[in-house]
Amino acid sequence: MSEILHNIGRFLSYDPSAPMLFSSGTFWALFLVFMPLYGLLRRRLWQMVVFVVAFSFFFYYKSSGWFVLMLGGTSLVDW
């Protein structure tokens, strides 16, 4: 069980030697998870917006690491 949790944690964390690219299998697997969940939220506007923003930040984190904090900060300042 701890090995499974370790593998999930490793999958969800940023690896600077192998960032997630939009043409990678990881991106497409996560995108295939995203789309049905997004479809389930189509009548709930607030939850849909939060879900899209959270997934977008996660995608950005997987591709660029801690620069996601800069993206969040500039988004808040611009808003």
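Past the 15 angstrom mark, what percentage of all C-alpha to C-alpha distances in the chain do you count?
Roughly 65 percent, once rounded to a whole number.
Label PHE31 and MET1 with points 7 Å out from Cα along Cα→Cβ: what is the distance between them in nm?
Distance between label points: 3.6 nm.
With a/c under 1.5 counting as rounded, go ahead and sort region 32-78 into rounded, prolate or oblate using the C-alpha gyration tensor (a ≥ b ≥ c being the square roots of the eigenvalues; past the cut-off, prolate if a/b is larger than b/c, else oblate).
Because a/c hits 1.5 or more and a/b fails to exceed b/c, region 32-78 counts as oblate.
So, with a 1.4 angstrom probe, what is the percent of accessible area on the chain that is carbon and sulfur?
Answer for the chain: carbon and sulfur cover 72 percent of the accessible area.
Have a look at MET20, MET48, MET35 and tell me which one the Gaussian network model of the chain (Cα, springs below 10 Å) gives the largest fluctuation.
MET35
Of LEU37, LEU12, LEU45, which has the largest mean-square fluctuation in a 10 Å C-alpha GNM of the chain?
Most flexible of the set in this elastic network: LEU45.
Mind checking which of TRP66, TRP46, TRP28 has the largest fluctuation in a GNM of the chain, springs on alpha carbons under 10 Å?
TRP46
The values are calculated or read from the model by the stated rules, or taken from the named source; none is laboratory data. None of these values were measured; they are calculated from a predicted model. Note: ideal-geometry Cβ built from the backbone for every residue, glycine included; neighbour counts use all protein chains shown. Surface accessibility is based on the protein's heavy atoms, side chains included, excluding ligands, DNA and RNA. Shrake-Rupley method; radii C 1.70, N 1.55, O 1.52, S 1.80 Å.
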